[in-house]
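To start, the structure itself, in structure tokens.
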Amino acid sequence: MAYSVGIGRGDFDFVFVDEAGQPCEPEVLCALATMVGSNTRVVLAGDHKQLGPIVRSPIARKAEYDVSLLERLCALPQYSKKKSGGDDDDDGAAATAAAAAAS
């Protein structure tokens, strides 16, 4: 869509994805692929513990398309609560770190 109105890859310095816990990973990655250049920073904002992607297809669920990009990043060992020493009920540090890693 952005490309069709003359916005090219890398035209943005920052791309913010609000409610990044809701869309499935391919939805976010396909949109970012059309806008993000080598110097673009990506910020994922949202809570991966709330409403996630709604995927009705059992085939898509089996392929793990019911996982958001934010959730997948927060599951990486770099953002483990045990490593960061955070509270078990607080995922704020993990979400912030995941957003920084996506850029």
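Here's the picture: a label point sits 7 Å out from the Cα of Arg9 along the beta-carbon direction, and within the range 19-63 the residues with their amide nitrogen under 15 Å of it are 29-41. Modelled label positions at Ser80 and Arg61, each set 7 Å beyond Cα in the direction of Cβ, lie 2.9 nm from each other. Between Arg72 and Ala2, the contour length at 0.36 nm per residue exceeds the Cα-Cα span by 22.6 nm.
All of the numbers you see were taken from the coordinates with simple rules; none came from a lab. On a predicted model such as this, the values are computed, not experimentally measured, just so you know. So basically every Cβ, Gly included, is an ideal-geometry build from the backbone, and we count neighbours across all protein chains shown.
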